[in-house]
1. If amide hydrogens are placed 1.01 Å from N in the peptide plane, which non-local residues have theirs closer than 5 Å to the one on A:G375?
2. How high is the FRET efficiency from B:E346 to B:N189, r the C-beta distance, R0 51 Å, rounded to 0.05?
3. What percentage of all Cα-Cα pairs in region B:222-365 are separated by more than 22 Å?
4. How do A:K399, A:K133 rank when sorted from fewest to most other Cβ atoms within 10 Å of their own Cβ?
5. When a footprinting reagent is the concern and you count Cβ atoms within 10 Å, what order do B:M61, A:M229 take, fewest first?
6. Is there a quick way to get the dipole size of chain A? I mean about its Cα centre, with the Cβ of Lys and Arg at +1 and of Asp and Glu at -1; what is the value in debye to the nearest 20?
7. For B:I113, list long-range residues whose amide hydrogen, built 1.01 Å from N in the peptide plane, is under 5 Å from its own amide hydrogen.
8. For A:N221, enumerate residues with amide H under 5 Å from its amide H, sequence gap 5+ or separate chain, H modeled in the peptide plane.
Number of protein chains: 2
Amino acid sequence: MLQQMLKASRQAQKTLALSPANKRNQILETMASLLAERREMILAANRKDIERAIDLSPALMKRLELTEAQLMRLIDGIHVVIRQPDPLGQGEGQRRLPNGLTIEAVHVPLGVIGLIFESRPGVAIEATALIIKSGNAVILRGGHEAMESIRVIVDCWQDAVTLSGFDKELVQAILDPDRQYVTDLMHLNGLDLLIPRGGPGLIQKVVKEATVPVIETGVGNCHVYVDNMADVGMAVDIVTNAKVSNPGVCNAAETVLVHRDIAPKFLPALEQHLSSYGVTLHADPLSRHYLSLAVPATEEDFATEYLSLDLAVKIVENIDEAIEHIARYGTKHSEAIVTNDYTRGEYFLNAVDAAVVYWNASTRFTDGYEFGMGGEVGISTQKLHARGPMGLLALTTWKWIAKGHGQIR
Amino acid sequence: MLQQMLKASRQAQKTLALSPANKRNQILETMASLLAERREMILAANRKDIERAIDLSPALMKRLELTEAQLMRLIDGIHVVIRQPDPLGQGEGQRRLPNGLTIEAVHVPLGVIGLIFESRPGVAIEATALIIKSGNAVILRGGHEAMESIRVIVDCWQDAVTLSGFDKELVQAILDPDRQYVTDLMHLNGLDLLIPRGGPGLIQKVVKEATVPVIETGVGNCHVYVDNMADVGMAVDIVTNAKVSNPGVCNAAETVLVHRDIAPKFLPALEQHLSSYGVTLHADPLSRHYLSLAVPATEEDFATEYLSLDLAVKIVENIDEAIEHIARYGTKHSEAIVTNDYTRGEYFLNAVDAAVVYWNASTRFTDGYEFGMGGEVGISTQKLHARGPMGLLALTTWKWIAKGHGQIR
């Protein structure tokens, strides 16, 4: 079945790839209108998913839920994507070789993209908008708990696609809950890219097992380093926001590293603030001197992406110890320093190896919508091809076009 | 042992990554001087390799040989790399978010790169020059038949590196012929990229077995399509050059596809020309009407990268049949059309999915030196991260740098 879907995808994608930007934007405009028109139907389908999902944890339930406010933001995201410059056809590296041959690297779509995600139905809207705008076709596979929501969203996409004069197979979904299809998708010969978007279990499974090209996304064991030259109030606000504003997502902070000279002032203030949100601190022996409610941290704590109201705490001697700790336990996702010292700020930005490095800001901004991309297809934690929130350019490759008049070598 | 090498590499690379372009160029300047100074020593080492390599085929022997002319071209290539703009530190996508946070994607080195190659010792010069200029360290593993040449070249690199004030571990080579080291390199946890450069056997082995990030390079089953609107003389020259100028390399043509209307004029002219070079034509039944010396082609012929003085020939009904044939048998490396018809030329450039697509030129130009990059670390045939000849930018990734003054979400 998947080979049939892929064949239909590729056929539909060929036409899209050669279409001008205004035709691709028309699909997105139509989709934005359909989502607004069919708002009630979409929210009702989502309520059906939620009613059936009685066994889910509160965190998963929160991800499964699609609120009206979220839907409005997703529609807004589509409009942001429409306003982005066309990623296709842009030439780079144009040159005329000494023999008169002209060469140019032209951005072209990747082709057919598979997207495996878990319970968040909004992914089927935000990722698909980027995929279509960049001239690609998509095969979606969402978590079975979100099936009703996904079905309605994919219907909207297929209507938007056909109303704009393209084949509906540009957007297809595997709605059969049989898990064999996930395995088949990971081995679907000819698929140009497979993106897993979800928890660490899903991502590691796909990265290890897939034989098609994959981009690793999303596992975030993120740190905030509070330097002794930090403003204590700012540091408390940043750590609090990075921990509590949405603890279940990959850009939430999991460990705070504290310069020993600022610990006596900073840690009690932090504890007071975080305890009101119900956060449990897992602290190393040194920092427990300044914390009354913390539990002892083990090596395991520093290696864990909690995704919950837990935060590991460690006192460091200096900025280099913080950087070493991050190199050892981090997942190259998002890392932050809070300091008012210029040299230390620049040093941290240069020395830390991660997709996004922050100076005096919360790690929570690592997000395609926040970055002005209108959304993201995932947050890449690898170094090749794409890094950080994946927008339109991450969904393209290029082709060298060489034009001559009989040149030989 | 490899973990120790990697650790030393990473340490040396950290300093290089933060060094300005003139310091990195100084290493290359010094290397170019040392290669010229030690020319005799290098050529003598290469002669020693050749004397020992009594069992090699003539094609392999040709690859192993490093002539003085090639060495001069490699030195010239280093100077071209020096003149290339610095790929590091360039910011892209700068923007100030509505909340005042500024973000910017800054190009940074990949880190430590492994390069597995076969008998061509020049690879240790051209690829390393690009790797160093882009702020990376390298672990080289060449074919054991080229060991003497590689040893002398790596000595030059280490001298160039230390004379420029960096740690010699920036350039390391595995000189022990034990094949276990190749396997170990493919599983060297923490290696940022492994590039296989050689024949299809090596490349497929690395792509399949490696657990570190790999870029697939170089297998080229390349086609020239001769349209009925082609200039016959130009078409004969292009096909001849693409086949005979260096049959053992990946950008050589392996099949010529001929529009049926031009076959009666083109094929006899081609046969006359190619027979003087000793090329054997493997032709489909239709084209054998116009060829007196050809042997019958089987399905197998169209799927084969000959890398020898053999050429498959097939008559097609029209340009679409040519494009379909290329989609079926091609390896997405280099594909060419010869035509004077504007619409067909543009159509072919758009419709064919390959790293480089040529209009009225030989496929032999797919080469980093020809493309003005000063050389290449390999020719990528995949779509992710790099496509075609890999120059400086292919050896970088980027890091998002976000600067704020206390922004939270």
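Computed from the coordinates by the stated procedures, all read-outs in this text should not be read as laboratory data. Everything quoted here is computed from the prediction, not taken from an experiment. All Cβ positions, glycine included, derive from the backbone under ideal geometry; neighbour counts span all protein chains shown.
1. Amide H neighbours of A:G375: A:Y369.
2. 0.60
3. Working: 2657 of 10296 pairs.
Tail fraction, whole percent: 26.
4. Details: A:K399 21, A:K133 26.
Starting with the residue having the fewest Cβ neighbours, the order is A:K399, A:K133.
5. Numbers: B:M61 15, A:M229 18.
Lowest to highest Cβ neighbour count: B:M61, A:M229.
6. Values: 39 positive and 49 negative charges, 338 e Å.
The calculation lands at about 1620 debye.
7. Those qualifying (amide H under 5 Å, at least 5 residues apart or on another chain) are B:A137, B:V138, B:I139.
8. Residues meeting the criterion, in which the H sits 1.01 Å from N, are A:T331, A:H333.
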